[in-house]
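The values are calculated or read from the model by the stated rules, or taken from the named source; none is laboratory data. All values derive from a computational prediction rather than experimental measurement. Here Cβ is always computed from backbone atoms with ideal geometry, including for glycine, and neighbour counts include all displayed protein chains.
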Amino acid sequence: MDTPTGAAIEANLQHVHEAIAQACSTCGRAPESVRLLCVSKTKGEDLIKAAYGAGERHFGESYISEAVDKIESLRAQGFHDIVWHFIGPIQSNKTKHIAAHFDVVESVERLKILERLSVQRPEGLPPLKVMIQVNISQEEQKQGCEIEELPGLLAAASSLPKLELVGLMGVARIDADEAELNAQFGQLKALQERFVGQYPSLTELSMGMTHDLGPAIAQGSTEVRIGTAIFGERDYSKMHAH
């Protein structure tokens, strides 16, 4: 599998930012109201450095052991202003590493995980920013809490020490048509609007990926998670157990 060059990464990023700007223009939003999260899972440090060199600072990872290796290595090389987001499924035995190394966790769906992240956040670090992932696609195998579980999770995330509740995250059904995408993303926006009065810090909406960023932005996304369109297809053959 060909690895894109630094120049290719820069060109890809330009195209992604243009797509974000176009989607924003279509629905009357400012391009700077949507943050790009570069999904760097399975990608090497050289590609992250290329995106960093093009101005990117927010990177998303899903596999904890791979991510910790990259985070520690890049910090040792002086890359201290990267904001690391954890966006994958969270097992209880991984929370210690997430709490110690990441700045933002977007994929929280259970109270137990919130409690462990709070207890395990090291002293001296700022609060760990937390988003609650909601199962907006209503697929059984999809990650995310059910809507009726959300009030309890928001209450816990806002009250636990060492955590800072910042928003909601959702993943639409991969084969949804535009009407379904609008409905699923619109549901997450409606939930944010429903609870933001009670939790004023609940301002982030992480929704939209390479294939569905247009409807996500139209429905109010503040962050799109893009990997393939920046770094190329992922090669999982080299992955070790996590």
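Looking at the structure I just gave you, is Ser158 touching a strand residue (DSSP E or B) at 6+ places or on another chain (Cβ under 8 Å), surrounded by fewer than 22 Cβ atoms within 10 Å (Cβ to Cβ) and not in a loop (DSSP other than H, G, I, E, B)?
yes
If you scan the stretch 67-98, which residues turn out to be of a type in the set (Lys, Arg) and more than 16 Å from Arg57 (Cα to Cα)? Spell out how you get there, then give the answer.
Taking the stretch 67-98 and keeping what is of a type in the set (Lys, Arg), we get 70, 75, 94, 96.
Of everything in the stretch 67-98, those that are of a type in the set (Lys, Arg) and more than 16 Å from Arg57 (Cα to Cα) turn out to be Lys94, Lys96.
Being part of a helix (DSSP H, G or I) and either under 17 Å from the mean Cα position of the chain (by Cα) or touching a residue at least 40 places away in the same chain (Cβ under 8 Å) (or both) is the requirement here; does Leu191 meet it? Spell out how you get there, then give the answer.
Numbers: part of a helix (DSSP H, G or I): yes; either under 17 Å from the mean Cα position of the chain (by Cα) or touching a residue at least 40 places away in the same chain (Cβ under 8 Å) (or both): yes.
Yes: the conditions hold for Leu191.
Do the conditions hold for Ala229, that is, is it in contact (Cβ under 8 Å) with a residue 24 or more places away in the chain and either polar (S, T, N, Q) or buried (at least 20 other Cβ atoms within 10 Å of the Cβ) (or both)?
Working: in contact (Cβ under 8 Å) with a residue 24 or more places away in the chain: yes; either polar (S, T, N, Q) or buried (at least 20 other Cβ atoms within 10 Å of the Cβ) (or both): no.
No: the conditions fail for Ala229.
Out of Arg225, Arg173, report the one residue that is over 30 Å from Ala8 (Cβ atoms) and not in a helix (DSSP H, G or I). Don't jump to the end; show me each part of the working.
On the way: Arg225 fails: over 30 Å from Ala8 (Cβ atoms).
So the residue among Arg225, Arg173 that is over 30 Å from Ala8 (Cβ atoms) and not in a helix (DSSP H, G or I) is Arg173.
What residue, among those in the stretch 72-91 that are buried (at least 19 other Cβ atoms within 10 Å of the Cβ) and under 28 Å from Asn135 (Cβ atoms), is farthest from the chain's Cα centre (by Cα)?
Initially, the stretch 72-91 is screened for residues buried (at least 19 other Cβ atoms within 10 Å of the Cβ), giving 82, 84-88, 90.
Subset that is under 28 Å from Asn135 (Cβ atoms): 84-88, 90.
Numbers: Trp84: 9, His85: 6, Phe86: 6, Ile87: 5, Gly88: 8, Ile90: 13 Å.
Ranking the qualifying residues of the stretch 72-91, first place goes to Ile90.
For His15, which of the numbered conditions (1) crowded, with 18+ Cβ neighbours inside 10 Å; (2) assigned to a helix (DSSP H, G or I); (3) of a type outside the set (A, V, I, L, M, F, W, C) fails to hold?
(1)
Taking the stretch 201-222 only, how many residues are crowded, with 24+ Cβ neighbours inside 10 Å and part of a loop (DSSP other than H, G, I, E, B)?
Of the residues in that region, 3 qualify.
May I ask you to say which residue of Glu115, Glu164, Glu148 is of a type in the set (Asp, Glu) and either part of a strand (DSSP E or B) or at pLDDT below 95 (or both)?
Numbers: Glu115 fails: either part of a strand (DSSP E or B) or at pLDDT below 95 (or both); Glu148 fails: either part of a strand (DSSP E or B) or at pLDDT below 95 (or both).
Selected residue: Glu164, the only one of Glu115, Glu164, Glu148 that is of a type in the set (Asp, Glu) and either part of a strand (DSSP E or B) or at pLDDT below 95 (or both).
Search the stretch 25-47 for residues being crowded, with 20+ Cβ neighbours inside 10 Å and either among the small types (Gly, Ala, Ser) or in a helix (DSSP H, G or I) (or both), and hand back the single one that is nearest to the chain's Cα centre (by Cα).
This residue is Ser40.
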